[in-house]
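Shown next, in structure tokens, is the structure this report addresses.
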Amino acid sequence: MTKMLASVTGPDEAEIAILGGADIIDLKDPKAGALGAVAIETIRRTAAQVAGRRLTSAVCGDLPMQPEIIRARVEEIAATGVDYIKIGFFPSPDAGACSEILRPFSQKTRLIAVLFADLAPDFDLLPQLARDGFHGAMVDTADKANGRLLDHLPPARIPAFVDRAKALGLAVGLSGSLEAPDVPRLLPFAPDFLGFRGALCGEGGRTRAIDLQAVEGIRALIPEERQSGRSSRVDYRLLAARGYAPGAADPALGTDKIFVRDFVLPVEIGAYSFEHGHTQKVRFDVTAEVLRVTSNPEDMRHIVSYDLIMDGIRAIVARGHVQLSEALAEQVAAHVLEDPRVTRVTVRVEKLELGPAGVGVEIERKRAKQQPSALRPDAMSGHQGKNVQDPGKKGFTA
């Protein structure tokens, strides 16, 4: 299950994050950059105060890619007792050496590599991180004034990062000025954790103190594992849209229809040889019939967002050539029907560049009890996917 990471500045904010239901308490100074570090003593005091009630992590700071400097900082933070240490990997020819020098620490401390979506992240570094014993890798943004994660790493590119990291046995995190509407868009990719700072500070911005109500608002969007002695703060009835409580919507409330119309993308599609090797414009029209969970929708908990439809189409198209319009329509329908609140979906796929008229297919599908994940590469094929290590075996666990 995806966990919620809350970045805090010290013991006081840690208590607010715990009260609001965060899973991971992450020490960071937001006034000092993307990975601004707090004082070592603050890390030590916060870790001692949290005392196992939650997992803890700390960032190393915006350090230069110099192996000895990074090694010394990691050694210093490791002595504080935090569960995880986050190390920023900025673009540099020395990034590999910075990973390698930390190999001895990976045997006793769980290391998380932070790559930056707005700085042309080198995902080819992932295999070395795995070889050097890193526990996980996450994507963040370096310049908080220059857009959110999805502005730099669109949904169509996220599965490639997540799948590659998990195939290497790395835990996966996503962060970068995330807001409430981003949560339902990112959960289908099954990251091990989502990281937040600015969204927890209410209207004040990421350098202000975190706000309990804002923490609880984000927490309510992320399904929470029920643990012994810890009551869940999540209303699973309202989280039916995320796929964790099938059938929890109230049929007595009826249904709504959400739709995406005239959504045009370049797609590698077609069975003819002349259609291979290039893209052509394809128009998608999708209408989903959705069970309601409340008669008074107020926030992201209460709806199924049309962003999920568009993100899914982009991710499916990004996988490469598809032979038939019918196959593409089936994959889109399967993706939309993964949401247990969707009872019926109509998908129209229209190729726009084959002569004077649009040609294509329109299908209607109803919800089955179990839907294949259309975002998995092997979902619509007849063969098994590659054997990927269970992320729960190397996730954010105590």
When only residues in the stretch 21-46 that are part of a helix (DSSP H, G or I) and at pLDDT below 95 count, which is nearest to Leu200 (Cα to Cα)?
Pro30
Complete set of residues in the stretch 142-155 that are surrounded by fewer than 18 Cβ atoms within 10 Å (Cβ to Cβ) and either in contact with a Phe, Trp or Tyr (Cβ under 7 Å, 6 or more places away or on another chain) or of a type in the set (A, V, I, L, M) (or both)
Ala145
Mind listing whichever residues of the stretch 191-216 are over 23 Å from Ala142 (Cβ atoms) and of a type in the set (S, T, N, Q)?
Gln213
Where residues in the stretch 288-303 are acidic (Asp, Glu) and in a loop (DSSP other than H, G, I, E, B), which of them is surrounded by the most Cβ atoms within 10 Å (Cβ to Cβ)?
Asp299
Could you tell me whether the stretch 58-81 includes any residue that is part of a strand (DSSP E or B) and either surrounded by 14 or more Cβ atoms within 10 Å (Cβ to Cβ) or of a type in the set (S, T, N, Q) (or both)?
yes
Those residues of the stretch 85-103 that are part of a loop (DSSP other than H, G, I, E, B) and either under 26 Å from the mean Cα position of the chain (by Cα) or crowded, with 17+ Cβ neighbours inside 10 Å (or both) come to a total of 6
For the stretch 45-66, pairs from a residue that is touching a residue at least 60 places away in the same chain (Cβ under 8 Å) and closer than 21 Å to Leu35 by Cα to a residue that is among the polar types (S, T, N, Q) and surrounded by fewer than 19 Cβ atoms within 10 Å (Cβ to Cβ), with Cβ under 9 Å and 6 or more apart or across chains, are Leu55/Thr397
The condition from (1) under 30 Å from Asp307 (Cβ atoms); (2) at pLDDT 95 or above that Leu111 misses is numbered (1)
Yes/no for Leu115 being over 24 Å from Thr46 (Cα atoms) and crowded, with 22+ Cβ neighbours inside 10 Å
yes
Can we say Gly247 is surrounded by fewer than 18 Cβ atoms within 10 Å (Cβ to Cβ), modelled with pLDDT under 70, closer than 18 Å to Tyr306 by Cβ and not acidic (Asp, Glu)?
no
Which of the residues that make up the stretch 162-181 are of a type outside the set (S, T, N, Q), out of contact with any strand residue (DSSP E or B) (no Cβ under 7 Å at 6 or more places or on another chain) and over 17 Å from Asp132 (Cβ atoms)?
Asp163, Glu179, Ala180, Pro181
Which listed residue is in the same structural domain as Leu111 (by TED's automatic domain parsing), among the small types (Gly, Ala, Ser), farther than 25 Å from Ile85 by Cβ and in contact (Cβ under 8 Å) with a residue 60 or more places away in the chain, from Ala156, Ala167:
Ala156
Can you tell me which residue in the stretch 305-331 is surrounded by the most Cβ atoms within 10 Å (Cβ to Cβ), limited to those that are hydrophobic (A, V, I, L, M, F, W, C) and within 16 Å of Arg261 (Cβ to Cβ)?
Ile313
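The values are calculated or read from the model by the stated rules, or taken from the named source; none is laboratory data. If you're wondering where the values come from, they're calculated on a predicted model, not measured in any experiment. Note that we place each Cβ from the backbone using ideal geometry, even for glycine, and neighbour counts take in every protein chain shown.
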